Amino acid sequence: MTAEEDSTGTGRTPVPGRRADQAAAVEPGPEARPQDTRAETGGARSSVGRRALLGWGGAGLALGAVAAGGTATALHNDEADAASASAGQAVPFHGTHQAGISTAVPDRLHFAAFDVTTEDREELIQLLKDWTTAAARMTAGHAVGDGAFGPVPESPPDDTGEAAGLKPSRLTLTVGFGPSLFDKDRFGLAEQRPEALVELPAFPGDKLEKARSGGDLCVQACADDPQVAVHAIRNLARIAFGKAAIRWSQLGFGKTSSTTPDAQTPRNMFGFKDGTRNVSGSDKKALDEHVWVAEKDGPAWLADGSYLVARRIRMHIETWDRTSLKEQEDIFGRDKREGAPVGKAKEHDEPFLKAMLPTSHVRLAHPDAHNGARILRRGYSFTDGTDGLGRLDAGLFFLAYQRDVRRGFIPIQRSLARHDALNEYIQHVGSAVFAVPPGVRDKDDWWGRELFS
Amino acid sequence: MRPVRLCAVSAALAAISVAAVSGCAEKADAGGEGAIEVTATDDSCEVSRKTFPAGHVQLAVENKGSKVTEVYVLYPDGRIVTERENIGAGTKAKVTAEIKAGDYEIACKPGMKGDGIRQKVEATGGGKPAKRDPKLDAAVSAYRDYVLEQAELTLPKAEKFAEAVKAGDLEKAKKLYAPSRIGWERTEPVAESFGTIDPKVDLREDGLEDGQDPEKDWTGWHRLEKSLWKNEKITATDKKLADQLIKDLTTWQKKVGKAEITPTSMANGAKELLDEVATGKVTGEEERYSHTDLVDFKANVEGAHKSYELLKPVAKKNDAALVKELDTQFAAIDELLDKYRQDDGEDPDEYAFTSYDKVGKDERKKLSDGVNALAEPLSKLAAAVVK
């Protein structure tokens, strides 16, 4: 719960007038939102001078990411310094890459995977266009369509209304296409299927539930305010009725990794700091090398896109909490209080892998163990109540973006699944992989245009 | 939102209605001048005046025919302004009502059957109510006929079911249970609008309040369902409950003509039928003992489809894309349901569907998705009708 506590009650910057500027590209809706009245939610972490660094890219539980964070330069899509956007502001929707990958990670998540239920390619295209229109409005803080309060009293309003009056809350909406969308005889996309969009192999110890796995489409909604994230998914699901249906979804809180040199390294549900050395959203070189699909990677439609792996990782909280501090620290390969690697004093000190147990999580997940493979993680903690036996149904909803799943997640997870000491305390119960198309360039563009045109 | 309302007391009705409203049969004691004379025979219905001032209106009815008759004053949409039943051959009766300016029909029903013999009349003066689209009035009128017809069709089926219960024939009663509910399920929003009937005939056990005794306070179809499938025996109480069910359904049939139905209540009623499916049938809660949920499901969809078809000409003019989508989704849900149909479709009284406890989780998800796919555009029908 530490991560959650950390995230609340910290100073929240009031919204200056810049939201309107950022949202200028989008037509203001009939109910452009006034000042937030829910200042108690979410919020940027307080600015302690600690830069995010240490940490380790693990796929399994993935503590921290890899690679040294670069300096904060232009962030996302040359459009705005989203990293410094305070809680509540709008993140630009249009750009070269989709927002929600390298942009700053807000504290809340609603992720949804959809089955496409229509068999009509044109209907699927129309859905993506309608989604794009709605997403541009919602991320700017506007309501969908004619808004939540009209215009016809006999009819339900276009927007569901629970986000009326709330700020944009740094909402980002990111769409992905699952392998099943490219199946033969479906939408004529078989030829377009990227080679790198592979089904993940079975990893030892997986206990995947069908009802929490797969999907033709996914939407990742990140926001500072959970209500704003849920509102977005709910409205997109509603727009999709008859064309696509939610297959499964996941709520998340307390980001477990960061794409910004963050004020304070977040902790995961095991109480360990996480995400200190994730690929930084400002590290253009690392992003180009490890996250964005290059034109030469093929296929052309996916250039400037990425691949997303989503895993629901259940954590056996109760047994973990009965584990001695020493064992916990050995398992991770760093100390719990400071986050320093074994034998080192500070969280951000360069780790000496050989000092760690060969089964330690950090050592196994380190890029040195995988030919330098790195992934950009945006995972969240989750707690879905209890499991009927009184145990917390809690864990990590792992989300990782990479340029090629075969060189990113798969080798890392293969190694972790075989050897990681942490496996005694975690289990992968859901899994999905998606190709994430490039960004929506401007107001005439739409999600997936390059794929379908 | 309740789509239709019961015309109970004219004052209450006047308070809630919008258009030309008001009037239920009252005890006629006023009499004398100004009364409109209605002369009914077995094949005619003469009216002394076809125009009369709006306000307190009295009909002086004389039945000169050989059959018992009834007399109605009807709105253009078929709703009853006022009525008088059981006017015996050779007798007289008086009917009074508060009638606002507008067009009406007076109908005599010799033998108390059918549509009756009708006369157009007009109440004049006062602020004329805004004219409604005659196409919409026709839709409402046709839908009212449908609702009445469903109630009339339901009674004999329910009677057969009740007889099987009273005869203690467990297997036969089980077979007749689901078909006895179809007419009710097709028109449920209208049926439910009579607040007192629905809890008597269609209550589930978990609908009882704290302090209510299932033994005493639980009546209707689902109580019998539990006896037949769960307890697997028919008690003396069940036999009494079967009689009670018929009595309550008869009340329903009598009241249907007075339900206030509007084009938007038809449209939203259709959506509500899908909501019934979404909240009760898809989950298997409605027919938890008999597992005949798919029969109810089918009937709900049919009822919704009827409303839609009647409103379609107007909706098409205002929102052609919506109509196209609804046609597609109705066809899709029918196709999906047909996969579970087990009879040959020849016998209109036979509705055999797969027992819902045999429908797997994935299949239920598909049915649920299908309902969402239809109900979402259906929720926009009302707006398309009133545009």
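The values are calculated or read from the model by the stated rules, or taken from the named source; none is laboratory data. This one's a predicted model, so the numbers in the text were calculated from it and none came from an experiment. Methodologically, a virtual Cβ is constructed for each residue, glycine included, from the backbone with ideal geometry; neighbour enumeration extends over all protein chains shown.
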So, first residue exposed (fewer than 14 other Cβ atoms within 10 Å of the Cβ) in the range A:174-202, second residue not hydrophobic (A, V, I, L, M, F, W, C), Cβ within less than 8 Å, six or more apart or across chains; the pairs are A:Gly188/A:Arg121; A:Ala190/A:Asp183; A:Ala190/A:Lys184; A:Glu195/A:Gly298; A:Glu199/A:Pro179; A:Pro201/A:Arg414
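This table checks each residue for (1) at pLDDT below 95; (2) part of a helix (DSSP H, G or I); (3) in contact with a Cys (Cβ under 7 Å, 6 or more places away or on another chain); (4) not basic (Lys, Arg).
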position: B:Arg144; (1), (2), (3), (4): yes, yes, no, no
position: B:Glu149; (1), (2), (3), (4): yes, yes, no, yes
position: B:Leu153; (1), (2), (3), (4): yes, yes, no, yes
position: B:Glu159; (1), (2), (3), (4): no, yes, no, yes
position: B:Val165; (1), (2), (3), (4): no, yes, no, yes
position: B:Gly168; (1), (2), (3), (4): no, no, no, yes
position: B:Glu171; (1), (2), (3), (4): no, yes, no, yes
position: B:Ser180; (1), (2), (3), (4): no, yes, no, yes
Identify the single condition in (1) surrounded by fewer than 24 Cβ atoms within 10 Å (Cβ to Cβ); (2) at pLDDT 95 or above that B:Asn318 does not satisfy, given that it satisfies every other one. (2)
Filter result for the condition that a residue is under 22 Å from A:Ile313 (Cα atoms), among the aliphatic types (A, V, I, L, M) and either over 16 Å from the mean Cα position of the chain (by Cα) or not in a strand (DSSP E or B) (or both), over A:Leu236, A:Leu208: A:Leu208
Take A:Phe397 and tell me if it is aromatic (Phe, Trp, Tyr) and within 18 Å of the chain's Cα centre (by Cα). yes
Please verify whether the range B:182-198 includes one or more residues that are over 30 Å from B:Gly114 (Cβ atoms), part of a helix (DSSP H, G or I) and touching a residue at least 24 places away in the same chain (Cβ under 8 Å). no
Starting from residues that are touching a Gly at 6+ places or on another chain (Cβ under 8 Å) and not in a loop (DSSP other than H, G, I, E, B), keep the ones in the range A:269-289 and report whichever is surrounded by the most Cβ atoms within 10 Å (Cβ to Cβ). A:Lys273
Selection count, the range A:305-328, where residues are buried (at least 18 other Cβ atoms within 10 Å of the Cβ) and either without any contact (Cβ under 8 Å) to a residue 60 or more places away in the chain or more than 30 Å from A:Gly100 (Cα to Cα) (or both): 2
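Residue-by-condition table, conditions (1) in a loop (DSSP other than H, G, I, E, B); (2) without any contact (Cβ under 8 Å) to a residue 12 or more places away in the chain; (3) within 14 Å of chain A (Cβ to nearest Cβ):
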position: B:Glu260; (1), (2), (3): yes, no, no
position: B:Ala267; (1), (2), (3): no, no, yes
position: B:Leu273; (1), (2), (3): no, no, no
position: B:Ala278; (1), (2), (3): no, no, yes
position: B:Tyr289; (1), (2), (3): yes, no, no
position: B:Val295; (1), (2), (3): no, no, no
Hey, can you tell me all the residues within the range B:43-95 that are within 13 Å of B:Met112 (Cβ to Cβ), surrounded by fewer than 20 Cβ atoms within 10 Å (Cβ to Cβ) and without any contact (Cβ under 8 Å) to a residue 40 or more places away in the chain? B:Glu85, B:Asn86, B:Gly88, B:Ala89
Here is a list: A:Gly254, A:Gly242. Which entry is in contact (Cβ under 8 Å) with a residue 40 or more places away in the chain, out of contact with any Lys or Arg (no Cβ under 7 Å at 6 or more places or on another chain) and more than 14 Å from chain B (Cβ to nearest Cβ)? A:Gly254
Kindly check whether there is at least one residue in the range A:418-441 that is farther than 30 Å from A:His316 by Cβ and modelled with pLDDT under 95. no
Taking the condition within 14 Å of another protein chain (Cβ to nearest Cβ) and within 16 Å of the chain's Cα centre (by Cα), does A:Ser249 pass? yes
